[in-house]
Structure formats: C-alpha cells, structure tokens
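Throughout, read-outs are computed from the coordinates displayed, never taken from laboratory work. If you're wondering where the values come from, they're calculated on a predicted model, not measured in any experiment. We place every Cβ from the backbone using ideal geometry, glycine too, and count neighbours over all the protein chains shown.
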Amino acid sequence: MTFSAGFLTIIIYGALIWCALTGLGLATLLVRDLKNGDIW
Amino acid sequence: MNEAAAILPPTVGWILLALFSALWVGLGFYWGRRNKSFEDHALAGRNIGLALGSATAAATWITSNTTMLAPQFALELGVWGMLAYTTASFGLFLFAPMAGRIRKLMPTGYTSGDFFRLRYGRTAWSIFMVYTLFYSLTWLVSMAMAGGILLNALSGIPYAWGMTVILGVCVAYTMRGGLAAVIGTDFIQSLIIIVGVVIVGFAVLSHVSVDEIHHNLEATRPALLNVLFPAAIMAIFNNLLFGLGEVFHNNVWWSRAFAFRDGVGGKAFALGGLIWFPIPVAAGFIALASGALNVPVPAADMVGPLVVADVLGEFGAIAIFIVVFCSLASSLDSLLAATSDLITEDIYRKLMRPDAPLETLKKVAQYVTLALGLFTWAVCLPRIGTLASVLFFAGPLVGSMIWPIVTGLYWRRASTVGAVGGMLLGAGVGLVCYFAIGWYVATLIATAVSMVWVLACAHFSKARFDWAKLSEAA
C-alpha cells in the first residue's frame, strides 16, 4: 500500500498554504498588539 | 567542503553574514536598554504579548534541524519521515495548558529548576540539573557546530570562522538584550523562515509537479511512498516523545511561560505549535523532488540546499542561507539565555548568594552567557564531528522527566520518591536499551518505565502537596 499522488498533493500544498497563512496571521497579530500597546 | 563545492560564493556568504549579524546585534543592544534588573533581563519584565509569544515559541523550535533534517528525513524515510517530524509540534500543543498553570502556580518563578526544588526537594532538583545541563550544553554545542558546518557547506566560509561569527553574534545580543532581545529577534527570524520556506516551496513546485514527483518515486524509490514503512513509523514515537520531554523540562520553554503576560502563555504555545506544524512538510518535500529533478545528492543532510540551488540558482541559495542562519540564531540565542538563567538562578542565587540584589544577578547572568559562549566555542573549534548521536543519547534523560513534571504540576499526590525513582529508573533502563537495541526505542522505553514508577508511587502515596509552596520562589 502506498501514499497516492492526491494525498501527496494535499499535504504539500496544504503545508505551504498553512505556512503562508500563519505568516500573515503573525504579522496581523503584531499590528494588533502594537495598536493596543500590548506588545511587551 | 571547499569553496568550489559550495552552492554560494564566499563573498556573498560573508556579506549576508555581516548584514544579518549587524541587524541582530543592533536590535539586541537597542532592546537591552530597557533591562534594569535580573527579572527584566531573564524574563523581559514578565509582560510578553501574544504576537511575540507565539512567534518565539515557533522560532525557537525551528532549529537548523527542522530546515535541514526534515528534507533528510523525507529522503531516507519518505512521506512518513516528514509526517513523523511534524509530531514534534505536539510538545508545544501539550505544553500550552501547562504554561498557563505554571504561570498561575508560580507567579514569581524564574526557572524549571525552581519547580523541581520547590515541588520535589533538593535530590530531585540535583538529578534534574544534571540531566538538563547535559542536554542543554549538548544541544548548544551541536547547534554551534551545525552553524559552522552549514555555513561552510552553503558558502565555503571556513568552518571555524562561520561557527565563531554565528556564536559570537548570538552571545553578544543575548548578553546585552537578555530575553527581550531573544524574543524580539525571534519574531523577525520566524517571519523570515516562514516566508523563505513558502517562496522556496512554490518555486520548486513551479519546476516540477507533485504528480511528477510521485511518478518518479513510484518508479525509483517506492519504499518512500510505503504506508507501512516500519523504520519511519518507529521514528514517529521517538520524535513525539523526544519533543514532549524537551519542551516539558527545558528552561527554554519554562522561561517563556514565566515571561508571557498573564493569560497569554496557553494561547501563545498553541499558536506556536500551529505555526511550526506544517514546516517539516513544507521544507521536507523538496528532498522528494530530487529524483524527478535529476539532482545528484552526494550527502543526504545537504539534500534541501542542493535541490533549491539547482532549481533556483543563486537566488535559491541565498534564500536557503538566510533561512538556515535565522533557524540557527533563533535556537542558539534561546539556549544561551535559558541556560544562563538556570545557572544564575539555581546555582549562583539559590546555592551561593541568596541575598544577591537583582542588579547583581543581571550582571552574573551576562557573564554566564559569555562563559557559555566561550565554552561552546572551545568545544566546537576542533570540529569533532556530528553530535546527533549524543543528542539521541540524551533522549532517555529527557523522556524520563515527562511524568515527574506532568504529575507534579497537576497531582497533589505526586511524590518525591516517584520523581526521583522515575528519573533514575527511566533514564537507566532507557540507556541500557539505547546500547542494547538502538536509539529509536530508548526514549520510548525510558518514558514508559518512568511513567509506571511515577504513577505507582502516586497511587500509593499518602502525601498531599500544598500548591502554595510553589509561589515561594521569588
């Protein structure tokens, strides 16, 4: 039994999109904390 | 590796090294101006917000191992190898609720050593200190050594110079800026790593499709697609437990739990886990593409940079250089800061000078950071080779501390006999199995033996711990 091409596509593109979203999320969080004066 | 075999000209490597070194040291000195006492230096004033907290949890866990070893895991253990590596994020997820509890039970605590001493007494604390210092120093030396080796392989910068510069830069800004500098630079480093991994990943996919990668693997190395790859499945458990043991015990993570603002710790570690979780797949799949792209791979541990440089040329090599440099710095600085705080708080303050003022402790912590840097440099200079096997050797030690910590934080009936016995028995049996069977079962067995002993002792214990004793650490 082997991993299918479809499964490989999902985990690879999923991981890259997930990374991109978390990068955007982090930047957004920083802006929010900066606005609220909550950064440290 | 000589200059001709490197994927980037040494001049470009030196320019990148100088630019980023100046950036980190400059920021460290700037942020260090706020630090007046040991509390400011060691815990950034206990007021870190969610954005910096989440980024530092993820960045510290993204070592050069993540960006370099994930492709190697994929090349040697296939799809399961990448997925096994992602389980290291469970340490961050499971530490999330613990971080909130640590902050609540120990509002004035400084280190994980404080917890062991107050919860289980001096004997358990002594064993913990031996285990954690062995592990932390091994990790520190292996990171610095990896820095020299990787910079040499990527750009031809001589090993001794690369190792010295990256270690010196991290020591300089950690000494001056303390945890605030470490966490601030971690934020920038985590964003650079994430953006770099995404750009490189999509760029590789623009040269070869996933279908082509799959077809090539089916034809040439079908074992890498095997759902029932035994060695890879064993790696899942080893990685998972090693990650849990490391995060649960090490002061790198406890210092952050103390430093995050009240109510932030749980969310920050959970978000850090979510940020880290996809990185091994996003960075690791590149290795699976090496066959479809016809990239020769003379050394498995260099597969990621080789594929990227082959596909993307000098731009890709520069991107990999920056990602690796950021990965190394984000872990080295955290280890330097956390280990220095542990020695300052647990050894200097508690054993030698309990009445030392906080300003003096800050200076001591800075000198300890410098001493750690010099020690690491002296050990790394001869380039004795890889320390990966020594890190695996530490697996049973960290695995044996999981249950004493978890039960000690949540169960009043968790006892000193259980903690001391769990750490000694677990590590002892685990090390015997390390030599008798192999590294891949050592952590698993150490954790299991420790669990049985700790749970049995807790079951029969009549003692009931008073949680208020944990708040006496100030």
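Pull up all non-local amide H partners of A:T2: gap of 5 or more, or a different chain, and H-to-H distance under 5 Å with H placed in the peptide plane. For A:T2, the qualifying residues are B:V227.
Across the residues of B:351-357, average count of Cβ atoms on other protein chains within 10 Å?
Taking the mean over all residues of the peptide, I get 0.
Nearest 0.05, what FRET efficiency do B:K36 and B:F435 give at R0 = 30 Å with Cβ-Cβ as r? E between B:K36 and B:F435, to the nearest 0.05, is 0.05. Shape analysis of the range B:3-387 places it in the prolate category; the axes a ≥ b ≥ c from the Cα gyration tensor give an a/c of at least 1.5, with a/b above b/c. Other protein chain C-beta atoms within 10 Å of residue C-beta, averaged over B:52-58: 3.
The label-point distance for B:K267 and B:A371, in a model that sets each label 7 Å from Cα toward Cβ, rounds to 4.0 nm. Only Cα sites of the range B:91-139 enter the Debye sum here, all with the same form factor; the resulting log10 I(q)/I(0) across q = 0.13, 0.28, 0.29, 0.30 1/Å is -0.36, -1.03, -1.03, -1.03, listed in q order.
Between B:H215 and B:A468, the modelled labels are 7.3 nm apart [label points 7 Å from Cα along Cα→Cβ].
Shielding by partners for peptide B:209-219, expressed as the average number of C-beta atoms from other protein chains within 10 Å of each residue's C-beta, is 3.
Between rounded, prolate and oblate, where does the range B:169-310 land on the alpha carbon gyration tensor, with a ≥ b ≥ c its root eigenvalues, rounded for a/c under 1.5, else prolate if a/b exceeds b/c?
Since a/c reaches 1.5 and a/b is larger than b/c, the shape of the range B:169-310 is classed as prolate.
Contact order, relative form, for the range B:3-387: 39 percent (alpha carbon pairs under 8 Å, 6 or more residues apart, mean separation divided by residue count). Normalised by 2.2 N^0.38 Å, where N counts its residues, the alpha-carbon radius of gyration of the protein assembly as shown equals 0.94.
Taking 7 Å steps out from each Cα toward its Cβ at B:L19 and B:H459 produces label points 6.1 nm apart. You can think of it this way: the chain between B:V452 and B:T108 has 120.6 nm of extra reach, that is 0.36 nm per residue less the Cα-Cα gap.
Taking N as the residue count of the range B:305-463, its C-alpha radius of gyration divided by 2.2 N^0.38 Å amounts to 1.40. For the range B:209-237 and the range B:46-77, what is the centre-to-centre distance using only Cα atoms, to the nearest Å? One Cα centre to the other: 24 Å.
Both numbers refer to the Cα atoms of chain A; Rg and Dmax are 16.7, 54 Å. Per-residue ellipticity at 222 nm from helix content only, as computed over chain B with -39500 (n - 2.57) for each DSSP H run of at least four residues, stands at -25000 deg cm²/dmol.
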